[in-house]
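Student: Take a look at this one; I'll ask things after.
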Amino acid sequence: MYQLIDSRAPILQVRMNGVSEDLNRHEFANNLLDTMENLNGLGLAANQCGLEERAFAMYSDYSYKTTIVCFNPTITWQSEETSTSPLEGCLTWPGLYLKIRRPIAIKVEYENVDGENVKNHFDGLEARIFQHEFDHLDGIDFIKRANRVVLNMALKKRAKNMRKLKSERRS
């Protein structure tokens, strides 16, 4: 299992170039999925754990709790129709939820754990998860996609909630 790194870590601001030739994909995938599930996440990019690999884990069908790990992913098509999430969160920013506009459907390609090329189509929640994790691999934090005024209000609300939580824990 891996550990999350701080939201200010430089690795979160740079594009991941690819997957290492000598990467043990099965061990890596198991550790990434274990970490994601242990943290109750819907997805987790390698660089969120300080790992310089262009890969992420995600629920490919949340209703059935089906997971995949995508190596060297690309988005080959995205719908013109977009939607704003009710509240999108991120394991890097616990307690922060933002309304982010994203395409509602995408077509993607990636390598699976066995190195085979896979083409897939996602819509709804799964499309949102893929795009969120894909952004991480390109060094784009979801706060960069938020309206600045809304982001500042959400950060203040998060700080207030964190203080309240710490206070409750002391009681």
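Student: Going by what's in this entry, would Lys107 be described as loosely packed, with under 15 Cβ neighbours inside 10 Å and either of a type outside the set (S, T, N, Q) or not in a helix (DSSP H, G or I) (or both)?
Tutor: no
Student: I want to confirm something. Restricting to segment 113-130 and keeping residues that are outside any helix (DSSP H, G or I) and within 17 Å of the chain's Cα centre (by Cα), which single residue is surrounded by the fewest Cβ atoms within 10 Å (Cβ to Cβ)?
Tutor: Within segment 113-130, the subset outside any helix (DSSP H, G or I) is 113-123.
Subsequent filtering for residues that are within 17 Å of the chain's Cα centre (by Cα) retains 122-123.
Numbers: Phe122: 20, Asp123: 13.
Looking at the filtered set, the residue picked out is Asp123.
Student: Something else: Quick check on my filter: what residues within segment 34-52 are within 12 Å of the chain's Cα centre (by Cα) and in a helix (DSSP H, G or I)?
Tutor: Those that are within 12 Å of the chain's Cα centre (by Cα) and in a helix (DSSP H, G or I): Met36, Ala46, Asn47, Gln48, Cys49.
Student: So, in segment 1-33, of the ones that are assigned to a helix (DSSP H, G or I) and of a type in the set (D, E, K, R), which residue ends up surrounded by the fewest Cβ atoms within 10 Å (Cβ to Cβ)?
Tutor: Per the criteria, the residue is Glu27.
Student: Among the residues that make up segment 134-157, is at least one of them in contact with a strand residue (DSSP E or B) (Cβ under 7 Å, 6 or more places away or on another chain), part of a loop (DSSP other than H, G, I, E, B), small (Gly, Ala, Ser) and at pLDDT 95 or above?
Tutor: no
Student: Being farther than 13 Å from Gly139 by Cα and not hydrophobic (A, V, I, L, M, F, W, C) is the filter here, so list the residues in segment 40-70 that pass it.
Tutor: Selection gives Asn40, Gly41, Gly43, Tyr59, Ser60, Asp61, Tyr62, Ser63, Tyr64, Lys65, Thr66, Thr67.
Student: Test Thr92 against the criterion of being in contact with a strand residue (DSSP E or B) (Cβ under 7 Å, 6 or more places away or on another chain), at negative phi and β-branched (Val, Ile, Thr), and give yes or no.
Tutor: no
Student: Just to check your reading of the model, which residue among Thr67, Thr76 is farther than 24 Å from Asn40 by Cβ and β-branched (Val, Ile, Thr)?
Tutor: It is Thr76.
Student: Now for a different question. Output the number of residues of segment 62-96 satisfying the condition of being without any contact (Cβ under 8 Å) to a residue 60 or more places away in the chain, of a type in the set (Phe, Trp, Tyr) and closer than 24 Å to Leu39 by Cβ.
Tutor: Filtering segment 62-96 down to residues without any contact (Cβ under 8 Å) to a residue 60 or more places away in the chain leaves 63-69, 71-72, 74-90, 94.
Filter again for of a type in the set (Phe, Trp, Tyr), leaving 64, 71, 77.
Still in the running and closer than 24 Å to Leu39 by Cβ: 64, 71.
Result for segment 62-96: 2.
Student: How many residues does segment 13-35 hold that are in contact with a strand residue (DSSP E or B) (Cβ under 9 Å, 6 or more places away or on another chain) and touching a residue at least 60 places away in the same chain (Cβ under 8 Å)?
Tutor: 4
Matching residues to (1) closer than 24 Å to Pro73 by Cα; (2) free of Cβ contacts under 8 Å to residues at least 60 places away in the same chain; (3) of a type outside the set (D, E, K, R):
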position: Glu109; (1), (2), (3): yes, yes, no
position: Lys119; (1), (2), (3): yes, yes, no
position: Ile129; (1), (2), (3): yes, no, yes
position: His132; (1), (2), (3): yes, no, yes
position: Lys157; (1), (2), (3): no, yes, no
position: Lys160; (1), (2), (3): no, yes, no
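Student: Here's another thing I want to ask about it. For segment 53-103, give me each residue that is surrounded by fewer than 17 Cβ atoms within 10 Å (Cβ to Cβ), among the basic types (Lys, Arg) and either within 14 Å of the chain's Cα centre (by Cα) or outside any strand (DSSP E or B) (or both).
Tutor: Once the filter is applied, which keeps residues that are surrounded by fewer than 17 Cβ atoms within 10 Å (Cβ to Cβ), among the basic types (Lys, Arg) and either within 14 Å of the chain's Cα centre (by Cα) or outside any strand (DSSP E or B) (or both), segment 53-103 yields Lys65, Lys99.
The values are calculated or read from the model by the stated rules, or taken from the named source; none is laboratory data. Note that the structure is a prediction, hence the values are computed from the model and not measured. For neighbour counting, all protein chains shown are included, and Cβ atoms are generated from backbone atoms with ideal geometry for every residue, glycine included.
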